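The values are calculated or read from the model by the stated rules, or taken from the named source; none is laboratory data. Values in this document were obtained by computation on a predicted structure and should not be read as measured data. Virtual Cβ from ideal backbone geometry, glycine too; neighbours counted across all protein chains shown.
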Amino acid sequence: MSTPRILTGGCYCGAVGYEVADAFTYAQNCHCSDCRRVTGSAFKPFGGIARTALRVTRGEADILRHGGDQAHDLHCRHCGSLLFSVFPPRDWIHVVYGSLHDSPTLHPTAHIWVSDKAPWHTISDGLPQHAEFPP
């Protein structure tokens, strides 16, 4: 079995950088109102992976944590870029695909939380749509 390639990512201003294995377990587009507000977009494309697969390479002190102990988002404290979201009960991290410099092998395969989708946005790509996060 070969070692997955390493992807790089970071914030808009360059203060925070990270590396993550190109070994995402799943990739989806989240349409929940929280993801829309935090990204300022119709949805948040992300890849799910074990927290141990991501390493901050620059600016760890420049990361701003927003949220509680069970789930929180990590942003650059200078430019506000959303980089990833953490889900401690499963020890998973959702890497925001828009913060990657490199293209991941796994592209989003479904839309989640379409029950909370912005009414002004039409999903037209043919991917499966789930009312919530699938079990």
Within region 106-135, the residues that are touching a helix residue (DSSP H, G or I) at 6+ places or on another chain (Cβ under 7 Å) and loosely packed, with under 11 Cβ neighbours inside 10 Å are none
Within region 1-11, the count of residues that are under 19 Å from CYS79 (Cβ atoms) and surrounded by 21 or more Cβ atoms within 10 Å (Cβ to Cβ) comes to 3
Out of all the residues in region 12-54, which are outside any strand (DSSP E or B), on the phi < 0 side of the Ramachandran plot and surrounded by fewer than 17 Cβ atoms within 10 Å (Cβ to Cβ)? TYR12, CYS13, THR25, SER33, ASP34, ARG37, SER41, ALA42, ARG51, THR52
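For (1) touching a residue at least 12 places away in the same chain (Cβ under 8 Å); (2) among the charged types (D, E, K, R); (3) in contact with a strand residue (DSSP E or B) (Cβ under 6 Å, 6 or more places away or on another chain); (4) farther than 23 Å from ILE123 by Cβ, each residue gets a yes or a no:
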position: GLY47; (1), (2), (3), (4): yes, no, yes, no
position: ASP69; (1), (2), (3), (4): yes, yes, no, yes
position: HIS75; (1), (2), (3), (4): yes, no, yes, yes
position: SER99; (1), (2), (3), (4): yes, no, yes, no
What number of residues in region 88-112 are of a type in the set (A, V, I, L, M, F, W, C) and either part of a loop (DSSP other than H, G, I, E, B) or touching a Ser or Thr at 6+ places or on another chain (Cβ under 6 Å) (or both)? 2
Considering only region 55-80, state which residues are surrounded by 12 or more Cβ atoms within 10 Å (Cβ to Cβ) and among the small types (Gly, Ala, Ser). GLY59, GLY67, ALA71, GLY80
Lone unmet requirement of (1) in contact with a helix residue (DSSP H, G or I) (Cβ under 9 Å, 6 or more places away or on another chain); (2) of a type in the set (A, V, I, L, M); (3) at pLDDT 95 or above; (4) not in a strand (DSSP E or B) for LEU83: (4)
Hey, ASP73 acidic (Asp, Glu) and under 11 Å from the mean Cα position of the chain (by Cα) or not: yes
